[in-house]
1. Is there a quick way to get the dipole size of the range 76-138? I mean about its Cα centre, with the Cβ of Lys and Arg at +1 and of Asp and Glu at -1; what is the value in debye to the nearest 20?
2. Taking Cα centroids, how far is the range 1-73 from the range 109-160 in Å?
3. Could you give the angle, 0 to 90 degrees to the nearest 10, between helix 61-122's Cα long axis and the longest principal axis of the Cα atoms of the chain?
4. For the peptides 87-97, 58-68, what is the packing order when you average, over each peptide's residues, the other Cβ atoms within 10 Å and list the highest mean first?
5. Once the Cα atoms of helix 128-177 and of the chain are each reduced to a long axis, what angle between those two axes, in degrees from 0 to 90 to the nearest 10, is obtained?
6. Work through the residues other than GLU88 whose Cβ is under 15 Å from its Cβ and net out their charges, Lys, Arg +1 and Asp, Glu -1.
7. Over the chain, how many pairs of lysines fall under 17 Å by alpha carbon, counting only those 8 or more apart in sequence or from different chains?
8. Can you compute the helix-only [θ] at 222 nm over the chain? Use -39500 (n - 2.57) per DSSP H run of at least 4 residues, normalise by all residues, nearest 500 deg cm²/dmol.
Amino acid sequence: MYVTPEQIIASNKAGAEALLGLAKAQFAAFERLSALNMNAAKSAFEESAGYTRALLGAKDIQEVANLNASAAQPALEKMLSYSRGVYEASTQAQGEMTKVLEVQTAELTRNMASFLDKFAKSAPAGSDVAVAAVKSAMAAANTAYDSFTKVARQATEMAEANFSAAAAAAKQPQKKAA
C-alpha cells in the first residue's frame, strides 16, 4: 500500500483550493469592513461639519443645548448601525471560513478512513486491534469536533441574541425621552 503521485497531486490541489477559499473569504470580509469604515468616516465628517456650522450659527445658549440634544439620538443610532454592520461582516466571514474548514475536515476524515481500510487489508496478522484503536480514536475525535461545532454555533446564537437585546435596550431610553 503506497501513496501514488496522483494521490499526492490531488491532496496538494485540495489543500491549495482550501487555502484559496479561506483567502477569498478573508478578502471579502476585509472589503466589507473597509467599505463600512469608509462610509462611517465620510458620514461622521459630513455630520460634524454640519453640526459645527449649526453651532457657529447659534444665537444663544438654549439653541446650543437644543442642538446638542438633537444630535445625541442620531449619533447613537449610527453607532448601533455601524456596530451591527461590523458584527454582520465578521459573522459572515466566520460562516464562510467555517464552511471551508468543515469541508476540509470531512475530506480528511474520509481520507483517513480510506487509508485505514486499505491498511487493514494489507496489514500483518494481529494488527486488527491497532486499526480498531485508531478507528475508535478517529470516531472520538469526530464526536469531539461535532460537539465543539455545536457549542460554537450556540455561542454565536447567544451572541447574536445579546447584541440584538443590547441594541434594543440602547434605543429604549432614547425613545422614552423623545
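1. Dipole size: approximately 120 debye.
2. Each part's Cα centre sits 39 Å from the other's.
3. 0
4. 87-97, 58-68
5. 10
6. Net charge around GLU88: -2.
7. 8
8. For the chain, the value works out to -34500 deg cm²/dmol.
Each reported figure results from applying straightforward, stated rules to the coordinates on display, with no laboratory input. Note that the structure is a prediction, hence the values are computed from the model and not measured. Please note: Cβ atoms are built from the backbone with ideal geometry, for glycine as well, and neighbour counts cover all protein chains shown.
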